[in-house]
């Protein structure tokens, strides 16, 4: 096996990792192999258990992404790796998150922040994002979306301690990171993210409004950030808000960040992924994804929903690499993804020009529930406090 891996590495990965030509290497769920083989010229390098390593022509990646949505209802559904050795190690390495003690003991803070959340603001952000031609990771409009999101987040605060970063992956679109530093435990990090890119057949030439997938998630986490900053929340643990690039084509943005954090030894205590929050396709409000996520943190989310959100919830699965939580999970961090519906009842307009606010009746009444959960998660995991005057009601 080792000689085969090295041979494929030499043959297929001589170009830039960010290029779109030649042989690339992905990991994918074995249940999706029939779909992959039906639409691509891919070669299975190895398969073991639930994950396979595959060599695939770069030109087939977008077709695979489309078919993974059509056949398996997965947004992405595979992970793109730097080379075959990295893919092999990723498929065979299982890193468990460090044990963590969850608690719910900040009701006064949560109670002050939740009323600041605005459905109107969420709707406005989705409207602006869907008005862009697309947010495809290799397009000029996708690159512009990164600048737009950074500037939007900057408008939320004048605090000098809050920082903003464009994380460069080597392609036009960049991931956007806003950091609210912690006070007493700044070296412990809470991540709340969603993906900024959108996709439809045709790539950079296509119209891909991506209102639900994933303008809704970006709008939801943006409103959480705005409300926390409006309240002048001072977390004990550092909170990082992330708008990931290139999720739709292999979880590229989140994977490179999660891998970099693991290699640097960043102590990420929890990750919340908001990918599609505004289409209520199922009876319950919030569906907690159980595969490739943290069971203890998922239980924490259900307790937060019951305590603060007042929404109904259930458990569901979405399959391998269905969103960015999988990149964090496979790198050993506790990750969770609350989803807008059961996977089998998800919004069928995503990845098309019809993914617009019309599918959500031109409102954000579903997404606001996820904003409440996101704010409660940020406060109860990062802890911290509000200014005394606000808590006193002055």
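From the list 160, 186, 215, 231, pick out the single residue that is at pLDDT 95 or above and closer than 30 Å to residue 348 by Cα. Explain how you work it out, then say what you get.
On the way: 160 fails: closer than 30 Å to residue 348 by Cα; 186 fails: closer than 30 Å to residue 348 by Cα; 231 fails: closer than 30 Å to residue 348 by Cα.
None of the others qualify; the one that does is 215.
Could you pull out the residue among 348, 344 that is part of a helix (DSSP H, G or I), at pLDDT below 95, over 22 Å from residue 106 (Cα atoms) and assigned by TED's automatic domain parsing to the domain that holds residue 212? Talk me through it step by step, then tell me what you get.
Working: 348 fails: part of a helix (DSSP H, G or I).
That would be 344, the only listed residue that is part of a helix (DSSP H, G or I), at pLDDT below 95, over 22 Å from residue 106 (Cα atoms) and assigned by TED's automatic domain parsing to the domain that holds residue 212.
For segment 198-224, what are the residues that are within 15 Å of residue 140 (Cα to Cα) and crowded, with 24+ Cβ neighbours inside 10 Å? Please lay out each step first, then the result.
We begin by selecting, within segment 198-224, every residue within 15 Å of residue 140 (Cα to Cα); these are 198-199, 202-209.
Answer for segment 198-224, where residues must be within 15 Å of residue 140 (Cα to Cα) and crowded, with 24+ Cβ neighbours inside 10 Å: 198, 199, 208, 209.
How do the strands (runs of 3 or more DSSP E) wholly within segment 235-339 filter down when requiring 2 or more residues that are surrounded by fewer than 23 Cβ atoms within 10 Å (Cβ to Cβ) and touching a strand residue (DSSP E or B) at 6+ places or on another chain (Cβ under 6 Å): which remain? Spell out the reasoning first.
Working: elements: 237-244, 267-273, 286-289, 313-316.
Ranges flagged: 237-244, 267-273, 313-316.
Please go through (1) part of a strand (DSSP E or B); (2) surrounded by fewer than 22 Cβ atoms within 10 Å (Cβ to Cβ); (3) touching a residue at least 60 places away in the same chain (Cβ under 8 Å) for residue 193 and return the number of the only condition it doesn't satisfy.
It fails just one condition, (2).
So residue 95 ticks every box in (1) outside any helix (DSSP H, G or I); (2) over 22 Å from the mean Cα position of the chain (by Cα); (3) surrounded by fewer than 18 Cβ atoms within 10 Å (Cβ to Cβ) but one. Which box is left unticked?
Unmet for residue 95, out of (1) outside any helix (DSSP H, G or I); (2) over 22 Å from the mean Cα position of the chain (by Cα); (3) surrounded by fewer than 18 Cβ atoms within 10 Å (Cβ to Cβ): (2).
Yes or no: residue 299 touching a helix residue (DSSP H, G or I) at 6+ places or on another chain (Cβ under 9 Å) and in the same structural domain as residue 198 (by TED's automatic domain parsing)?
Numbers: touching a helix residue (DSSP H, G or I) at 6+ places or on another chain (Cβ under 9 Å): no; in the same structural domain as residue 198 (by TED's automatic domain parsing): yes.
Here the answer is no, as residue 299 does not meet what is asked.
Scan segment 172-189 for residues that are surrounded by 24 or more Cβ atoms within 10 Å (Cβ to Cβ) and assigned to a strand (DSSP E or B) and jot them down.
175, 176, 178, 180
Can you list the strands (runs of 3 or more DSSP E) lying wholly within segment 42-90 that have 3 or more residues being buried (at least 19 other Cβ atoms within 10 Å of the Cβ)? Before the answer, list the steps.
On the way: elements: 43-48, 51-57, 78-81.
Answer list for segment 42-90: 51-57, 78-81.
The values are calculated or read from the model by the stated rules, or taken from the named source; none is laboratory data. Being a predicted model, the structure only gives us computed values, none of them experimental. Here the Cβ is made from the backbone with ideal geometry for all residues, glycine too, and neighbour counts use every protein chain on show.
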